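Report on one structure; see the data block that follows.
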Amino acid sequence: PVSVAITDAGGHLQAFGRSDGAAFLTVDIAIDKAWTASSFGQPTHVWNRIVQDPHMAPLTSRPRLVTVGGGCPLLADGRLIGGIGVSGGTYEQDRDLAEHALNRLGFEQS
């Protein structure tokens, strides 16, 4: 059971779905993963490495920044048009589901 969120390029929620049995915490996490992915056009799992740098670590205090897998930017013709966030499984499962959705819908991978 997962929650899935889609944002536009400005991080504004455009679509959301929560499957039966998905924990309620997955709602905010999915939305924030989509927001994080659309913020700089980077997948959320990339942020985990970025914030290891002591100069970048203060970013972890940002309330919406998510640094685990499951968020991917939506790219069309090389242009950032939004983000997708998946929450409910492990960080690997969430990442796999988000990437699978991008492939099935024909979006570019970053």
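The values are calculated or read from the model by the stated rules, or taken from the named source; none is laboratory data. Since the model is a prediction, treat every value here as computed from it, not as a measurement. Note: ideal-geometry Cβ built from the backbone for every residue, glycine included; neighbour counts use all protein chains shown. Side chains are part of the model used for accessible areas, which takes the heavy atoms of the whole protein and leaves out ligands, DNA and RNA. Shrake-Rupley method; radii C 1.70, N 1.55, O 1.52, S 1.80 Å.
Go through (1) open to solvent by 60 Å² or more (accessible area, probe 1.4 Å); (2) in contact (Cβ under 8 Å) with a residue 12 or more places away in the chain and name the single condition PRO73 misses. With (1) open to solvent by 60 Å² or more (accessible area, probe 1.4 Å); (2) in contact (Cβ under 8 Å) with a residue 12 or more places away in the chain applied to PRO73, the lone miss is (1). For the range 80-110, filtered to residues that are among the hydroxyl-bearing types (Ser, Thr, Tyr) and out of contact with any His (no Cβ under 9 Å at 6 or more places or on another chain), the residue that is most open to solvent (accessible area, probe 1.4 Å) is SER110. The residues of the range 27-40 that are open to solvent by 10 Å² or more (accessible area, probe 1.4 Å) and either part of a loop (DSSP other than H, G, I, E, B) or within 11 Å of GLY70 (Cα to Cα) (or both), listed by number, are ILE29, ILE31, ASP32.
Looking at the range 1-45, which of the residues that are in contact with a Lys or Arg (Cβ under 6 Å, 6 or more places away or on another chain) and among the polar types (S, T, N, Q) is nearest to GLN109 (Cα to Cα)? Among residues in the range 1-45 that are in contact with a Lys or Arg (Cβ under 6 Å, 6 or more places away or on another chain) and among the polar types (S, T, N, Q), the one nearest to GLN109 (Cα to Cα) is THR44.
Of the residues making up the range 41-64, one or more are open to solvent by less than 30 Å² (accessible area, probe 1.4 Å), touching a Gly at 6+ places or on another chain (Cβ under 7 Å), polar (S, T, N, Q) and assigned to a helix (DSSP H, G or I).
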